[in-house]
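Quick note: the coordinates plus some simple rules give every number you see, no bench work behind them. Predicted model only: the values in this text are computed from it and were never measured. All Cβ positions, even for glycine, are placed from backbone atoms using ideal geometry, and neighbour counts span all protein chains on display.
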Amino acid sequence: HLILYLFLPTLIFESAYSMEPHLFFRIAPQIILLAIIGLIISMVLSALAIQWLLPWGFGVALLFGALVSATDPVAVVALLKEKSSRKRLETLIEGESLLNDGTAIVFFSIFYGFVLGTTTEVHALPVIGKFIWVVSTGLLIGAGIGWMVLWIIGKLINQPLIEISLSIGAAYLTFITAESIHASGVVALVALALLFSTIGRIRISPEVTHFLHQFWEMMAYVANTLIFLIVGIVIVLQINLGSPRLWLILAVLYVLLTLIRFISVLLLMPILGRIGIGITREKGIVLVWGGLRGAVSLSLALSIARDTTIPVDIRDQILFLAAGIVVLTIVINGSTMEWLLHLLKLDRLPPAKELSVQKAKESLSLQLNEFLRQKVRKPFFDKLETDSLGRLIEDPCKDGSCSLDRPPLQEDIDVAFMRRLLEIERSDYWRQFEEGCIGRKAAFKLSRSVEQALDNRPEIAPRPELDHIFTVPSCPGLLHHIPIIRKFIEEWLFSRLSLGYDIARGFIEAQEEMRRHIDKLCPNPEICRRVEEMIDLNCSQALDFTRYLGKKHGPLVKNLQIQSTRRLLLNHERYLVWKMQRDGVLEEAEAQHLINEIEDQMMRMRKWKGREDVV
């Protein structure tokens with residue numbers, strides 16, 4: 001199983017880490033239904049199909065059915081990102097792939113033991129019990145190791161090599177630990193990666209986050225490349241490719257597996273349409289045709305190909321058929337997916353989003369014109385005339401491109417406008433966090449409040465999830481006279497009020513950032529007026545809280561303001577040092593020395609208390 005241990009941690013962790021966790025959890029019921037019930041249907045029907053084509057025992061057929069039911073729609077997801085803006089469909093396809101990889105490997109292990117003789121019988125109840133055990137244990141292992149590693153990473157400041165090395169170690173340690181106690185390594189990796197993409201967002205240094213994503217993308221690309229290369233070499237060296245019967249079986253099997261995929265999705269469509277975010281017929285078709293097979297199926301097939309306890313003819317047939325199905329799904333399904341998206345009209349943006357893109361183009365055109373006016377004043381551009389300058393900027397409405405084929409409904413326009421503003425608000429929280437304007441907990445809670453506002457119909461206000469933050473807690477007066485309890489109350493109240501103040505400042509700043517974008521994105525005066533009122537309501541609530549804190553807990557607010565200003569200055573000072581190094585004012589060693597001093601001060605600030613006169 002060296003192949004699985006070498007490649008799966010990279011492939012699974014990267015795929016789960018790159019997903020949007022909030023959307024994943026929201027459509028989790030649909031993902032789980034497809035990944036468990038859907039995979040079981042596909043596995044059993046695939047086993048019956050291969051038994052009809054080849055004289056295999058039912059155990060070997062189920063082993064192959066589990067192996068070939070693991071989907072890997074990397075190409076489909078990449079195409080959806082390029083051609084369309086449907087994050088929900090992308091997340092559904094990728095999330096199903098992740099969890100059904102885990103389910104497939106669990107059943108693969110069970111039937112592998114049956115084929116080798118280590119498991120004498122396979123009954124439904126023991127299989128279900130083992131499945132529950134391996135999944136739940138895998139979740140606990142992934143969560144436990146994730147919390148431990150993120151706690152360590154949270155103690156670091158801008159240490160890219162250490163933070164990335166810890167993420168690699170965490171992925172492999174999680175998978176090996178889970179598999180060594182017969183739990184699901186894939187489920188453990190998914191739990192680990194989701195922790196990294198949620199809690200990790202505030203624990204990993206902001207300067208490292210982007211590089212960490214790029215690093216894991218490169219690792220997954222290398223792993224995929226090596227798996228396909230190894231399979232190709234093994235097939236050429238080990239399998240007789242001149243058998244017409246085997247090629248015919250492969251062609252028939254591809255058609256049957258496509259039909260089986262259609263049946264499994266069709267059977268679940270009534271339930272899928274009523275849970276999570278629902279699903280349309282067009283998206284169901286994409287789900288069927290997008291069931292590509294890939295690296296996981298190849299890894300499992302390779303692990304069988306190297307096992308001498310299985311008859312050589314069965315090993316060769318499994319490897320050939322698995323590799324053939326992977327190639328056919330990628331070549332046929334993958335290459336025709338763009339045509340299918342066009343046929344289903346899923347390759348275009350929804351009308352409301354098209355309108356948003358047009359407004360963005362118009363804004364870009366205005367900004368480029370202003371940029372030209374500022375830059376061409378230098379003598380190096382004195383030969384350029386005003387008309388020729390204007391022609392350098394493409395007209396966003398050239399050839400009638402600003403006219404929409406499908407005029408959107410006003411309600412859809414308003415919803416898209418609200419959603420765009422909320423996305424701006426969420427981005428601003430992470431900008432504030434990266435610049436040191438707000439702390440970790442504030443950034444996390446504020447971004448979560450936006451995610452909850454984005455659920456169902458997006459609304460700027462009210463924000464009920466922040467109401468308790470902007471409410472000052474009170475404690476019975478008698479408790480203040482007990483020293484031990486008083487100290488505990490001071491600790492708790494300081495933490496509570498300082499977090500509330502941090503959240504209020506960040507919240508107000510983000511509301512003003514939204515306000516600055518209203519004119520650029522405004523679809524009609526009525527909705528803009530309503531949004532302005534909601535922003536005013538949000539700002540008023542946060543300002544009332546900060547004013548109350550200033551009156552009742554003046555020393556605390558003063559300390560928090562000093563702390564916030566120091567944090568902001570240190571972040572900007574570090575940026576200025578980087579800029580001086582980039583401009584050649586400082587050498588690398590000199591700049592690094594200054595940065596180390598600044599980051600030492602940042603580390604000391606994390607231990608700052610400042611609880612005097614809080615209560």
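A few comments on the model shown:
- Unit charges at the beta carbon, dipole of the chain: most positive-side option, 466, 372, 18: 466
- Computed over the chain, relative contact order equals 14 percent, with contacts defined as Cα pairs under 8 Å that lie 6+ residues apart.
- Taking GluC sites (Glu not before Pro) in DSSP loop conformation with at most 12 other Cβ atoms inside 10 Å as exposed sites, the chain has its longest uninterrupted site-free stretch at 122-384.
- Helix 351-375 and the long axis of the chain differ in direction by around 50°, with both axes built from C-alpha atoms.
- Length gained when the stretch residue 349-residue 361 is fully extended (0.36 nm per residue, less Cα-Cα span): 2.8 nm
- Whole-angstrom gap from segment 499-565 to segment 1-79, using each part's C-alpha centre: 46 Å
- Using 0.36 nm per residue and subtracting the Cα-Cα separation, the extra length available between residue 5 and residue 589 on full extension is 206.3 nm.
- Shape index of the chain: Rg/Rh, with Rg the Cα radius of gyration and Rh the Kirkwood radius from the inverse mean 1/r over Cα pairs, equals 1.02.
- Cα-projected label distance for residue 78 with residue 245, points at 7 Å along beta-carbon direction, nm: 3.8 nm
- Rounded FRET efficiency, nearest 0.05, which uses the C-beta distance separating residue 143 from residue 434 and R0 of 25 Å: 0.40
- Cα-projected label distance for residue 213 with residue 488, points at 7 Å along beta-carbon direction, nm: 4.3 nm
- Estimated vicinal HN-Hα couplings, Hz - segment 50-60 in sequence order (Karplus 6.51, -1.76, 1.60; Gly, Pro = x): 6, 5, 5, 8, 9, x, 9, x, 5, x, 5
- Paramagnetic reach from residue 597 in segment 565-583 [backbone N under 20 Å; point 7 Å along Cα→Cβ]: 566-583
- Stokes-Einstein diffusion coefficient of segment 2-348, Kirkwood radius over Cα pairs, 25 °C, 0.890 mPa s, in µm²/s: 119 µm²/s
- Electrostatic dipole magnitude of segment 410-552 [Cβ: Lys, Arg +1; Asp, Glu -1; Cα centre; debye, to 20]: 720 debye
- Placing +1 on the Cβ of every Lys and Arg and -1 on the Cβ of every Asp and Glu, with no other charges, gives the chain a dipole of roughly 920 debye about its Cα centre.
- Among the listed pairs 87/353; 87/361; 81/359; 87/283; 87/441; 87/445, those whose Cα-Cα separation exceeds 19 Å are 87/361; 81/359; 87/441; 87/445.
- The orientation-averaged projection of the convex hull spanning the C-alpha atoms of segment 410-552 amounts to 9.6 square nanometres.
- Shown is the FRET efficiency for residue 20 and residue 130, computed with R0 = 45 Å from the Cβ-Cβ distance and rounded to the nearest 0.05: 0.90.
- Within the chain, helix-based [θ] at 222 nm, where runs of 4 or more DSSP H residues each add -39,500 (n - 2.57), nearest 500: -25500 deg cm²/dmol
- Length released on extending from residue 528 to residue 158, taking residue separation times 0.36 nm less the Cα-Cα span: 129.1 nm
- Taking all Cα pairs closer than 8 Å and separated by 6 or more residues, the relative contact order of segment 410-552 comes to 34 percent.
- Karplus-derived 3J(HN,Hα), 6.51/-1.76/1.60, for each residue of segment 174-181, Hz, glycine and proline x: 4, 5, 5, 4, 5, 5, 5, 10
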